[in-house]
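What follows is a single structure, written as structure tokens, with notes after it.
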Amino acid sequence: MLVERDEVTEVLSRFLKGDKETKSALFDEIIGLMTSLLSQLKTALVKGTKQEKKTLLKKLKLLRYVMQAHFESVKAKTNVTQEGLQLLMSDFFAAFPNYRNKISNAKQELEAHKSDLMKLTQPVGRKKMNPMRVKSKWLRS
């Protein structure tokens, strides 16, 4: 079975095979791909086909999986606790403020996409039932 090679799989392939410098450079590209795919997903949810939605979700899941697996791998290799990792990150951001800005900008973009997608995926016109207003049938007998 042939696997369709697209931009996402190419970037992830280079990321996984690369050294530290390559991974650092490709991290920005992966964040850009993630925001681009989220924008495309918003458009597809509004006026796209079911296949387009599936394809975009598949790519987003792949990106998320690879990044999460890489994070877990690095975390296991360094044998650092969550508190230790947070301390390291705060020290790193203090030493390199441009990375802090880059990460916070990426986080803001992803949060904006998240809130937009939440609005698009909420059921339209469905009201929550008020349990106090619904009378049970067993009380009527």
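The values are calculated or read from the model by the stated rules, or taken from the named source; none is laboratory data. Given the structure is predicted, the values throughout are model-derived calculations rather than measurements. FYI the Cβ positions are ideal-geometry reconstructions off the backbone, even for glycines, and counts take in every protein chain you see.
Summary of values
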{"item": "Pairs, first over 30 Å from Leu88 (Cα atoms) in the range 48-77, second among the acidic types (Asp, Glu), C-beta under 6 Å, six or more apart", "result": "none"}
{"item": "Elements of type helices (runs of 4 or more DSSP H) in the range 1-119, at least 1 residues being within 20 Å of the chain's Cα centre (by Cα), exposed (fewer than 11 other Cβ atoms within 10 Å of the Cβ) and among the acidic types (Asp, Glu)", "result": "7-17, 50-78"}
{"item": "Single match in Val124, Val46 (criterion: farther than 20 Å from Val8 by Cβ, at pLDDT below 85 and out of contact with any His (no Cβ under 8 Å at 6 or more places or on another chain))", "result": "Val124"}
